[in-house]
Every structure is written in C-alpha cells, then in structure tokens.
1. Work through the residues other than D66 whose Cβ is under 15 Å from its Cβ and net out their charges, Lys, Arg +1 and Asp, Glu -1.
2. For segment 38-88 and segment 122-145, what is the separation of their C-alpha centers, rounded to whole Å?
3. Per-residue HN-Hα couplings for segment 110-115, Karplus 6.51 cos²θ - 1.76 cosθ + 1.60 at θ = phi - 60°, whole Hz, x for Gly and Pro?
4. For K95, go through the lysines and keep the ones whose alpha-carbon is under 17 Å away, minus same-chain ones fewer than eight residues off.
5. Can you tell me which of K144, K95, K120 moves the most in a GNM of the chain? Springs connect C-alpha atoms under 10 Å apart.
6. Quote the FRET efficiency, to the nearest 0.05, computed for L139 versus S43 with a Förster distance R0 of 45 Å and r equal to the Cβ-Cβ distance.
7. Could you please report the charge total around I153, scoring K, R as +1 and D, E as -1 over all other residues with beta-carbon less than 12 angstrom from its beta-carbon?
8. Of S43, S68, S135, which has the largest mean-square fluctuation in a 10 Å C-alpha GNM of the chain?
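What follows is calculated from the coordinates using simple rules that are stated; it is not laboratory data. Being a predicted model, the structure only gives us computed values, none of them experimental. For neighbour counting, all protein chains shown are included, and Cβ atoms are generated from backbone atoms with ideal geometry for every residue, glycine included.
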Amino acid sequence: MKKIIFFFLIFSVFFSVYVYSNTEKKNISVTEENKSFWDLLLSEKSVKNKNLLYASYIAYKDRLNDLSIETFRECIMTNNSNKMVMGIAEYYIGKNLFFIGKYEEAITQFTIVNNYDLAKYNYLKFAALLNTAVSYYHLGDDQKFRENLQKVINDDTTGTYRKKALDILSAVQ
C-alpha cells in the first residue's frame, strides 16, 4: 500500500510539473526599432532639443524606465508643435511602461499614438498596435490579443509588421 501511495505521489508531482510547464506563457516582448530608425529620426530638422530625445532613447535602451519616461515627457513639452515627435515619444513611454509591467497603462499609451500624424514614421502605428496585442497577451486577454494581431495582419500593406504578427501567433500556438 505504501508503494502505491509513493508512486501516486511521484506521478502527481511529475504531472503537475508537466502541466505547469506546458501552460506557462511564452516570453513575448514589444517590437524594437533598429539603429537606422533613430539615425533618421535624429537627422530630422524639425526636432527641437535632439540631445534630450536621444538621451530619452538611451535611458530606454539601458532600461532606466522611469528616467526614460520622464525625459520623453519632457520631449513632448519641448516639441509641443511637432506631432511626429510627440507621437514617437508617446510610443516609447508605452514601451517603458510595458517593461515595468504596467500593461494597461502601456496599452493606453500605444493607443494615443494613433492620434498623431507621424509623417514618414506612420508605420509605427502598426508597431504600436502590435505592442498593444503583446500587452494584452501579458494581461491574459487572449481575445483582445488576437483581435489586435489580426488588425495588424489585415491592415499592414507593407507586410513588415504583418510578418511579426504572424510570427507571434505561431509562437503562442
């Protein structure tokens, strides 16, 4: 009888570990822009106080999220007539919030990006939508996660973010 109980306990432990490991969330993160994006953005003549914008980005890359949020907000105030800079700053505030686990606030920030004309950076609206989906994923809202990914898949005519959305979907299957 003791052997049966012992084997049952062992089986239960292994089964629990198996179930937990197979229901664990995948590590899906926000999409990142490359160096050429920042080189192009910093070459824009319309950007006021480029040093502050770049410092905000460096703080973001170094995961100094509170500092990055604060300096991106300062960029918004400094460039209050430049909708492109304001939208990009809002986007990066959302990414910072994501990294500190404030997913609902990140979603709000990513949604704000749609209110701005980002000029030649308008494709970042798809990145914001993709990052909104990833935030919903981390919140456990599978329906909104999939809805936002589907919007990217349906609407991204260049295919850049469509491919990323499809890659994310296949990673969670």
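1. Taking every other residue near D66 into account, the sum is +1.
2. Between the Cα centres of segment 38-88 and segment 122-145 lies a distance of 22 Å.
3. 5, 5, 4, 4, 5, 7
4. K35, K61, K125, K164
5. Largest GNM mean-square fluctuation: K120.
6. 0.75
7. +1
8. Judging by the Gaussian network model, the answer is S43.
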